[in-house]
């Protein structure tokens with residue numbers, strides 16, 4: 001079967017209708033804090049029973065691609081990311097909004113997302129077998145080293161004070177220990193509370209640390225907010241396509257982010273969050289103005305958005321070729337195959353190209369829509385900022401409560417949102433890093449389980465880590481990032497003395 005036949009299959013009328021329906025549903029679910037692509041896919045999975053396997057998978061993959069992108073829209077406009085990977089886009093996207101440049105941030109956001117998504121899917125189609133072989137070489141030591149590498153970047157993305165960023169990560173790691181120890185079965189930091197036995201769900205924590213905390217921050221600086229609203233009312237919203245200057249700044253990050261994100265996506269369990277995180281850190285390291293990150297650097301939008309959207313194509317590779325989900329959303333999509341009596345894997349991939357490749361083609365089309373369609377919506381989205389914040393902030397609080405409660409239908413999650421909202425407000429006020437806390441919470445289980453399983457594998461011999469090339473490389477890179485601020489400080493003091 002040639003590529004033309006596959007394209008004809010993909011563009012059949014009902015398949016296109018499913019793609020467009022998935023695009024708009026993914027846009028909606030991604031934008032609303034507390035909801036996400038995985039929520040949409042899980043809620044709508046029963047529709048798979050009345051659709052063919054290809055129609056259902058095109059529908060689900062369109063939701064997946066669009067939700068990963070649209071989570072950054074609310075993050076850029078309100079510092080309230082719609083989904084976990086969008087957290088890293090807010091670091092510079094929201095400061096750009098505060099500078100009066102929300103349209104510029106949204107344009108770069110959608111172009112970076114679309115390019116990362118398209119390139120990521122093309123790489124996945126072209127080098128699926130190679131990436132799967134690399135991913136299969138990752139065992140517990142490699143996952144430990146990958147998590148350690150992620151945490152070592154906290155001095156880059158957490159705060160202008162490396163020590164406070166490190167403390168924030170350590171707090172996140174401590175919170176990640178709450179619950180039942182998966183190895184010994186012992187209760188840790190539960191204090192007899194049944195709700196804490198399952199640990200802290202990071203979605204309510206994220207809503208609290210970012211959405212609720214930002215509302216508190218805005219009300220604490222209400223006069224500044226009013227000045228911003230007045231400036232936006234007095235300013236004509238001239239939203240044009242990406243400028244030449246922004247293009248020159250962003251195109252290297254599109255290349256690096258697409259390759260990095262696609263590779264991270266092929267690692268089962270890594271997902272878009274880690275891809276966005278590493279995309280942000282790498283973007284800052286290669287930037288000519290790294291000191292601008294966190295203050296409204298447009299590269300800080302391009303880096304994570306390219307990487308997290310490129311990871312979507314990568315996450316589909318282990319699902320389609322091995323039957324192993326590469327992310328939470330693809331884990332739900334695996335159920336679609338099983339509903340129709342199909343077991344994804346090498347044999348299905350080779351024997352049923354008319355089922356597998358149209359999924360990739362539809363994902364490319366969805367990412368092209370991400371570049372084109374939101375451009376016509378940007379002017380209208382930016383106008384939301386002109387709404388008085390006493391109404392807007394109250395609405396965000398209301399949606400945060402609804403979003404947190406809707407996850408598990410528990411009032412407990414609402415309490416978590418408000419507790420971490422206060423914690424996030426205090427951390428921001430004293431220059432600690434809410435993002436560092438989230439990173440510790442998200443990456444903590446990977447680091448802990450990887451380290452403990454590695455010790456079992458190596459029979460307690462720590463030297464086993466240095467005998468695995470990938471592990472050793474990631475650990476060495478982690479040490480470089482950890483020591484880089486100290487080396488920079490030493491170099492400045494040394495040269496100052498010698499002058």
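For the peptides 65-71, 14-20, what is the packing order when you average, over each peptide's residues, the other Cβ atoms within 10 Å and list the highest mean first?
Ranking, from highest mean packing down: 65-71, 14-20.
How big is the Kirkwood radius of the range 39-113, worked out from every pair of different alpha carbons and given in Å to one decimal?
13.4 Å
With a 10 Å radius around each residue's Cβ, average the other Cβ atoms per peptide and rank 106-115, 274-283, 49-58, highest first.
Working: 106-115: 27.2, 274-283: 28.9, 49-58: 18.6.
The packing order, highest mean first, is 274-283, 106-115, 49-58.
Taking other Cβ within 10 Å of each residue's Cβ, how do 126, 449, 454 sort, fewest first?
Final ranking by Cβ density, sparse to dense: 126, 449, 454.
Sort 370, 25 so that the residue with the fewest other Cβ atoms within 10 Å of its own Cβ comes first and the one with the most comes last.
25, 370
Rg to Rh for the range 389-477: what is it, with Cα atoms only and Rh by Kirkwood?
Reported Rg/Rh (Cα atoms, Kirkwood Rh): 1.20.
Would you mind ranking 248, 164 by Cβ crowding within 10 Å, fewest neighbours first?
Fewest-to-most ranking of 248, 164: 248, 164.
Starting from the Cα of residue 410, step 7 Å along the direction of its Cβ; do the same at residue 181; then give the gap between the two resulting points in nm.
Result: 2.2 nm between the two label points.
No value in this document is a laboratory result; all are computed from the given coordinates. These figures come from a predicted structure and were not determined experimentally. Note: ideal-geometry Cβ built from the backbone for every residue, glycine included; neighbour counts use all protein chains shown.
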